[in-house]
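Student: The structure under discussion is supplied below as C-alpha cells; questions concerning it will follow.
Coordinate-derived values only; no laboratory data. Everything numeric here is computed off the predicted structure, so don't read it as measured data. Positions of Cβ are generated from backbone atoms using ideal geometry, with glycine treated the same way; all protein chains shown enter the neighbour counts.
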Amino acid sequence: MAIEKATFGAGCFWGVEAAFRQVEGVVDVAVGYTGGDLENPTYRDVCGGHTGHAEAVEVDFDPEKVSYEALLQTFFAIHDPTQVDRQGPDVGRQYRSAIFYHSPEQRAAAESAKIVAGQSLRRPVATEIVPASTFWRAEDYHQRYFEKRGMAAHV
C-alpha cells in the first residue's frame, strides 16, 4: 500500500481534522502549521499572526481507496472557500483557505477543483494553491482534539 499525503488549510484545524478522519481511505490526519517562515512554531506563535503559517491538516491517504480529487471535494465542502483569511469567527492569515500541493498532479487537480467550486458557489474562491512546505506538527493536545473531548460525533 503506497500512502500519499495531502495538506489543507481550512480554518481552525480541529474540525478539519475530524472531517477528514471520517473519509474512507484516509489512514491518518495530523494537525499542524505550514506555509510560514518560523521553524518549530507553537500554537501561540501561529495565533499571534506573525509567522505566516496556516493552521493545516496533513492527510495520509491510500489512493487505492480514496482519490485526491475526492479529498478536494471534502475540503471544499467543509469550509467557506470564498472567505479571505478567516473562517467563521476565526480571523487572521493563519485561518486562510489553502491547498498545499505535493506534486504537479495535485496542483492540477487542485486548480480544477477550485474552478468547479467557484462555478458551484457562483462567487470567487479565495483558496490559495501553493507548494507544500515543511509541515510542523502541532502540540499533542491539539491532535484528535474533538475526539479527546467526546465531540467527534458532532462534527
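Student: In the list Phe76, Phe61, which residue meets the criterion of being of a type in the set (A, V, I, L, M, F, W, C), under 23 Å from Val116 (Cβ atoms) and under 11 Å from the mean Cα position of the chain (by Cα)?
Tutor: It is Phe76.
Student: So the check is Cβ under 6 Å with 6+ separation or different chains; which pairs have a first residue in segment 122-138 that's free of Cβ contacts under 8 Å to residues at least 12 places away in the same chain and a second one that's loosely packed, with under 13 Cβ neighbours inside 10 Å?
Tutor: Pairs that qualify, where the first residue is free of Cβ contacts under 8 Å to residues at least 12 places away in the same chain and the partner is loosely packed, with under 13 Cβ neighbours inside 10 Å: there are none.
Student: When only residues in segment 1-33 that are of a type in the set (A, V, I, L, M, F, W, C) and in a helix (DSSP H, G or I) count, which is surrounded by the most Cβ atoms within 10 Å (Cβ to Cβ)?
Tutor: Here the residue is Phe13.
Student: Any residue in segment 12-38 that's closer than 13 Å to Val66 by Cα: show its pairings with residues that are hydrophobic (A, V, I, L, M, F, W, C) and in a loop (DSSP other than H, G, I, E, B) at Cβ separation under 8 Å, as long as the two are six or more apart or on different chains.
Tutor: Here the result reads Gln22/Val155; Val23/Val66; Glu24/Val66; Gly25/Val66; Val26/Val66; Val27/Ile3, each pair linking segment 12-38 to a residue that is hydrophobic (A, V, I, L, M, F, W, C) and in a loop (DSSP other than H, G, I, E, B).
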